[in-house]
Amino acid sequence: MARNHYAVFGMGSFGSKLAIELSRAGNTVLIVDIDRERVDDLRDKVTEAVIADVSNEEVVRELNVRKFDAVILGMSSHFEDQILALTLLKQEGVRKVLAKANNAIQERILFRLGADEVIQPEQDVAERLSRRLSLPNFADLFEFKGSAIAEVIVPESLAGRSLRQLDLRNRFNVTVLLIKKSGCGSETIMNPDTVLEKGDQLTVFGSQNSIMEVFRGE
């Protein structure tokens, strides 16, 4: 059973990859691009593929965009068309619009025109890489509605104590969701008496600042 219904407008490298991954995850995915070759290359990898100009009001109306959980605009290299498409989508009452931006100026414009979320893929990747290189105990960190979910490596300063002893939830408002013990291939749900060892990998939830304070390892 499909999880959600998405439409992706613009089949550049970002839009194409996103559409394929959304489809692989079990979602229904409509792709739209004015370039026939791009659409045909992806036709067998998504639910539905349409060759059309999404800056055209009639096209957007005919796509019945209200039925989608979200529409993603990956047309930042054709920014004027992206602005028109965003405006038309908001007029049609689409539930959620995510838009790709190439820079901060585009991001501000898209937000002002009603985009619910703006993505800058290169900046996001750069920030994540910077964190990984600067914070060796962090495997990854994702911001999530004002909080963060992070994959962290247990530093020596926390090793040898149990989750009960560390009491991270009450002391730092950081919740441990999963533990992957060093050398084991499977993640396990922990009990409060689980003793952490240096090198164990945790998936944790909390504010970014609190997570960094606990697991920076200084």
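Taking the conditions (1) among the hydroxyl-bearing types (Ser, Thr, Tyr); (2) modelled with pLDDT of 95 or more; (3) in a helix (DSSP H, G or I) in turn, Tyr6 satisfies each one other than (3). Is one or more of the residues making up the range 98-119 farther than 23 Å from Glu143 by Cα and part of a helix (DSSP H, G or I)? No: zero hits.
Being under 25 Å from the mean Cα position of the chain (by Cα) and surrounded by 15 or more Cβ atoms within 10 Å (Cβ to Cβ) narrows it down to one of Asp69, Asp81, Asp44, so name that one. That would be Asp81, the only listed residue that is under 25 Å from the mean Cα position of the chain (by Cα) and surrounded by 15 or more Cβ atoms within 10 Å (Cβ to Cβ).
Say whether the condition of being in contact with a His (Cβ under 9 Å, 6 or more places away or on another chain), in the same structural domain as Ser13 (by TED's automatic domain parsing) and under 19 Å from Glu117 (Cβ atoms) is met by at least one residue in the range 33-49. Within the range 33-49, not a single residue is in contact with a His (Cβ under 9 Å, 6 or more places away or on another chain), in the same structural domain as Ser13 (by TED's automatic domain parsing) and under 19 Å from Glu117 (Cβ atoms).
Among the residues making up the range 6-26, those that are touching a residue at least 24 places away in the same chain (Cβ under 8 Å) and either surrounded by fewer than 18 Cβ atoms within 10 Å (Cβ to Cβ) or of a type in the set (Phe, Trp, Tyr) (or both) are Tyr6, Phe9, Gly12, Phe14, Ile20, Gly26.
For residues in the range 164-178 being of a type outside the set (S, T, N, Q), out of contact with any Lys or Arg (no Cβ under 9 Å at 6 or more places or on another chain) and closer than 19 Å to Arg216 by Cβ, which is surrounded by the fewest Cβ atoms within 10 Å (Cβ to Cβ)? The extreme case among them is Arg171.
Let's see how each residue does on (1) at pLDDT 85 or above; (2) surrounded by fewer than 18 Cβ atoms within 10 Å (Cβ to Cβ):
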{"residue": "Glu107", "(1), (2)": "yes, no"}
{"residue": "Asp116", "(1), (2)": "yes, yes"}
{"residue": "Gln123", "(1), (2)": "no, yes"}
{"residue": "Glu143", "(1), (2)": "no, yes"}
{"residue": "Ser147", "(1), (2)": "no, yes"}
{"residue": "Pro192", "(1), (2)": "yes, yes"}
{"residue": "Gly199", "(1), (2)": "yes, yes"}
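Only a single item in (1) crowded, with 20+ Cβ neighbours inside 10 Å; (2) under 22 Å from the mean Cα position of the chain (by Cα) is not met by Val54, and it is number (2).
The values are calculated or read from the model by the stated rules, or taken from the named source; none is laboratory data. Computed from a predicted model, the values in this text were never measured in an experiment. Here the Cβ is made from the backbone with ideal geometry for all residues, glycine too, and neighbour counts use every protein chain on show.
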